[in-house]
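The values are calculated or read from the model by the stated rules, or taken from the named source; none is laboratory data. For clarity, every value in this text was computed on a predicted model and none was experimentally measured. All Cβ positions, glycine included, derive from the backbone under ideal geometry; neighbour counts span all protein chains shown.
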């Protein structure tokens, strides 16, 4: 299985901050990575696919990038509605696997 | 597109967990979609269970140790999950989702909590 190591597991930030979440794949997955946002008691929602392509309706303050097997989700100018848990997900191979999640909390 | 899970919220140990995902706004016979089950243990991360393609082809997470079965009813536009010989470790929120064209999961159900307990 492809292991997805996500860091940090949690972070505290203020409205207006820029936050960065990293996911490292245990092997090459090309750009086959997605980022999801999950709010309490809700299903995850896909924000980004193909490492850096935003789904329609996702604010432009979200961005994704790739460097080798390292992937980054950046949220610029954090908004109150962005406080949530974020997961990365590889769809290069089966079984599909997810990172352990990053909880973004209000400082 | 909407997906909705349904099924018992409580299952006894050693029995079979059975869930239904009802799909509206799209057809489960679409050739670009993999109809998927994912679960989330309480307070934990996400675990991919498996998928079914409209042809009936399936693929399961080996971590389930062959306990999972996913099937499809095209006439009702539904797909199903059966997980046999459940234990407390199968207690989780179960989501159905659509994987688009070997890509990400673009639509999800709201999730259903299944508790395994006697």
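For this structure, a couple of remarks:
Rundown of residues vs (1) within 21 Å of residue B:109 (Cα to Cα); (2) more than 14 Å from chain B (Cβ to nearest Cβ), yes/no style:
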{"residue": "A:37", "(1), (2)": "yes, no"}
{"residue": "A:60", "(1), (2)": "no, yes"}
{"residue": "A:64", "(1), (2)": "no, no"}
{"residue": "A:75", "(1), (2)": "no, yes"}
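- Yes/no for residue A:51 being buried (at least 19 other Cβ atoms within 10 Å of the Cβ), within 10 Å of the chain's Cα centre (by Cα) and more than 14 Å from residue A:102 (Cβ to Cβ): yes
- For segment B:10-30, residues that are part of a loop (DSSP other than H, G, I, E, B), under 14 Å from the mean Cα position of the chain (by Cα) and under 21 Å from residue B:114 (Cα atoms) total 1.
- Residue selected from segment B:31-49 under the condition touching a strand residue (DSSP E or B) at 6+ places or on another chain (Cβ under 9 Å) and in a loop (DSSP other than H, G, I, E, B), by the criterion nearest to residue B:75 (Cα to Cα): B:31
- Evaluation of residue A:56 against (1) at pLDDT 95 or above; (2) within 12 Å of chain B (Cβ to nearest Cβ) (one fails), failing number: (1)
- Looking only at segment B:86-113, residues that are more than 9 Å from every other protein chain (Cβ to nearest Cβ) and buried (at least 22 other Cβ atoms within 10 Å of the Cβ) come to 4 in all.
- Test: residue in segment B:50-69 that is surrounded by fewer than 14 Cβ atoms within 10 Å (Cβ to Cβ), out of contact with any helix residue (DSSP H, G or I) (no Cβ under 7 Å at 6 or more places or on another chain), assigned to a helix (DSSP H, G or I) and away from chain A (no Cβ under 14 Å): no
- Pick from segment A:7-35, criterion crowded, with 18+ Cβ neighbours inside 10 Å and not in a strand (DSSP E or B), ranking: farthest from the other protein chains (Cβ to nearest Cβ): A:29
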